[in-house]
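**Q** Can you read through this structure? Questions will come right after.
Every number in this text was worked out from the coordinates using simple rules, so none of it is lab data. Predicted model only: the values in this text are computed from it and were never measured. Every residue, glycine as well, gets a Cβ built from its backbone with ideal geometry; the counts of neighbours run over all protein chains shown.
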Amino acid sequence: MTLIKSISGIRGTIGGKIDDNLTPIDIVKFAAAYGYFLINEVAKNSTASCPSCVTTTPLTVVIGRDARISGKMVSSLVANTLVGLGINVIDLGLSTTPTVEIAVPLENADGGIILTASHNPKQWNALKLLNHKGEFLNDKQGKEILKIAEENTTVFAEVDDLGTYTKRKDYLQIHVNEVLKLDLVDIEAIKKANFKVVVDAVNSTGGIAIPLLLEALNVDCVKLYCEPNGQFPHNPEPLAENLTEISKLVVAEKADLGIVVDPDVDRLALVSEDGSMFGEEYTLVACADYVLSKTTGNTVSNLSSSRALRDVTNKHNGTYQASAVGEVNVVQLMKDSNAVIGGEGNGGIIYPASHYGRDSLVGVALFLSHLANEKKSCKELRDSYPSYFMSKNKIQLTPQLNVEEILVKVKELYKDDEVSTIDGVKIDFETEWVHLRKSNTEPIIRIYTESTSQQNADELAEKMIQQIAKIAGI
């Protein structure tokens with residue numbers, strides 16, 4: 001089965017059978033459930049504030065898509081489904097996840113849908129669902145939408161009450177303008193630095209958005225895979241093993257750095273001038289270092305992100321906290337702790353001065369500001385941070401085994417260490433950590449470790465795999 005229904009939306013592979021893949025029927029069903037949920041929420045809130053009032057103002061939803069081959073088809077189905085519910089649609093067309101997120105409040109919309117499967121291969125697509133703030137829905141809201149879709153309770157509008165459809169082609173530029181307005185984006189310093197940058201946008205919408213931002217900052221931009229045709233030239237996840245071409249091109253072009261984004265431009269990876277990986281984990285670390293040098297405050301990342309963020313936060317006398325995995329969890333803890341920057345170790349930068357969503361354009365602007373102010377090379381900047389190394393593994397279990405019970409036994413085994421159970425089991429040791437999370441879709445435990453060398457991280461992971469196998473009796 002390649003149709004995954006979750007609280008944050010629906011994703012799957014295009015084609016195939018209804019309910020098994022992301023077919024047109026499934027797209028319409030879940031778009032309708034989301035639209036009907038918004039209608040019910042607005043009606044509920046309106047009645048609560050004024051029991052005798054009945055609002056007749058049509059709702060508005062902003063949609064936008066990455067450059068996937070299936071994007072036009074999915075967008076058309078979603079837009080017309082919402083119009084059929086009596087909802088006005090503002091279609092940004094080729095866009096990015098953070099662009100849609102900032103457009104929702106700017107347009108005073110009631111919600112938004114981003115049509116992207118993020119770093120998944122080209123056969124995948126998805127509907128990512130936003131609230132009126134342009135932020136991802138919470139657990140309760142997501143479950144309500146899944147319930148509406150399952151029970152098939154959606155009621156469509158009659159002919160005189162259909163919604164309107166409006167296209168907007170200016171929002172990538174608006175997004176760039178919003179980034180340039182940020183106080184900590186040092187436009188003059190970046191311009192004076194005369195940076196030369198290579199950009200790999202995996203032939204999606206980052207190929208439009210990132211060069212647009214760099215042009216505004218007078219950065220010399222060498223484009224690699226920046227044609228938004230949806231034909232991903234390599235695995236679109238911005239990991240080192242997928243980025244050999246840009247590493248070579250950065251060196252060949254004598255560029256100051258390389259910039260890599262995923263198809264929907266919410267993950268940012270960097271390549272140093274010598275072709276080495278700056279590291280996805282260290283994108284957030286560097287941006288946080290810059291923000292904390294200018295703004296007193298706290299930081300948040302998820303439990304599976306590098307300890308380096310904690311170290312940098314401590315250096316600036318801030319407080320670091322870790323949330324459960326998932327952007328919505330990071331955002332909530334950031335709000336609760338008044339964090340000035342946060343995100344995820346996969347290259348996701350969340351900067352509240354802009355908005356509460358992962359944003360590679362914001363990340364690029366903050367990183368270039370930091371680099372320009374430090375007057376260091378990209379490699380020198382990376383070498384100035386604590387060096388940690390990660391290992392990511394998993395152990396396959398049988399369906400008969402109780403994964404929760406196994407995790408409880410692991411927790412008991414390490415009861416004398418620092419243990420967190422807000423998301424699986426994370427054990428913090430003096431110089432390293434291990435994080436165990438169960439899969440929601442298959443009988444496996446994912447094992448993330450970090451230590452002071454790759455060998456130590458790998459050995460810690462192997463030790464944990466052996467302990468789990470012993471506990472499980474396999």
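**Q** Over 21 Å between C-alpha atoms is what I'm after, so list which of 196/223; 29/438; 5/44 land there.
**A** With Cα atoms farther than 21 Å apart: 29/438; 5/44.
**Q** Can you pull the Rg over Rh of the stretch 284-375, Cα-only, Kirkwood?
**A** 0.92
**Q** Identify all aspartates and glutamates with a Cα-Cα distance to residue 335 below 16 Å; exclude those on the same chain that are fewer than 8 residues away in sequence.
**A** Answer for residue 335, where 16 Å is the Cα cut-off: 135, 327, 344, listed by chain and number.
**Q** Give me the one-decimal nm value for the distance between modelled label points at residue 76 and residue 182, 7 Å along each residue's Cα-to-Cβ direction.
**A** 3.7
**Q** Kindly put 378, 226 in sequence by how many other C-beta atoms sit within 10 Å of each C-beta, fewest to most.
**A** Taking fewest neighbouring Cβ atoms as first place, the list is 226, 378.
**Q** Another question, if that's okay. Which order do 11, 168 fall in if you start with the one that has the fewest other Cβ atoms within 10 Å?
**A** With the sparsest Cβ surroundings first, the list reads 168, 11.
**Q** Return the percentage of antiparallel bridges among DSSP beta bridges fully within the chain, rounded to the nearest 5 %.
**A** DSSP beta bridges in the chain are roughly 60 percent antiparallel.
**Q** In debye to the nearest 20, how big a dipole does the chain give about its Cα centre with +1 on each Lys and Arg Cβ and -1 on each Asp and Glu Cβ?
**A** So the magnitude is around 280 debye.
**Q** What is the Cα centroid distance between the stretch 396-474 and the stretch 224-249, reported in whole angstrom?
**A** Taking the Cα centre of the stretch 224-249 as reference, the centre of the stretch 396-474 is 33 Å away.
**Q** Still on this structure: Any idea which of 171, 146, 129 is furthest toward the positive side of the dipole for the stretch 127-177, if Lys and Arg beta-carbons carry +1 and Asp and Glu beta-carbons -1?
**A** Checked the options; the winner is 171.
**Q** Once you keep just the Cα pairs under 8 angstrom separated by 6 or more residues, what percentage relative contact order results for the chain?
**A** 11
**Q** Regarding the stretch 389-472, what whole-number volume in Å³ per residue does the convex hull of its Cα atoms give?
**A** Spelled out: Cα convex hull of the stretch 389-472, divided by residues, is 80 Å³.
**Q** Once Rh for the stretch 306-439 is found with the Kirkwood sum over Cα pairs, what is the Stokes-Einstein diffusion coefficient at 25 °C and 0.890 mPa s, in µm²/s?
**A** 142
**Q** Shifting gears a bit: Once label points are set 7 Å from the Cα along Cα→Cβ at both residue 421 and residue 455, what is their separation, rounded to one decimal in nm?
**A** 3.6
**Q** A further question on this structure: Quick one: 107, 281, fewest Cβ neighbours within 10 Å first, how do they rank?
**A** Ordered from fewest to most neighbouring Cβ atoms within 10 Å, 107, 281 come out as 107, 281.
**Q** P(r) for the chain, please, calculated from all Cα pair distances in 20 Å bins and given in %.
**A** That works out to 24, 55, 21, 0, in percent per bin.
**Q** Got a sec? Charge dipole of the stretch 389-472, +1 on Cβ for Lys and Arg, -1 for Asp and Glu; which of 424, 401, 460 is way out at the positive end?
**A** Ranked along the dipole, the leading option is 401.
**Q** Indicate, rounded to the nearest 5 percent, the antiparallel portion of the DSSP beta bridges found entirely in the stretch 57-166.
**A** Given both bridge residues lie in the stretch 57-166, the antiparallel proportion sits at roughly 30 percent.
**Q** For residue 192, go through the lysines and keep the ones whose alpha-carbon is under 21 Å away, minus same-chain ones fewer than eight residues off.
**A** 181, 254, 294, 375, 376, 379
**Q** Just want to confirm a number: the relative contact order over the stretch 197-383, from Cα pairs under 8 angstrom separated by 6+ residues, in percent.
**A** Reported as a whole number, the value is 20 percent.
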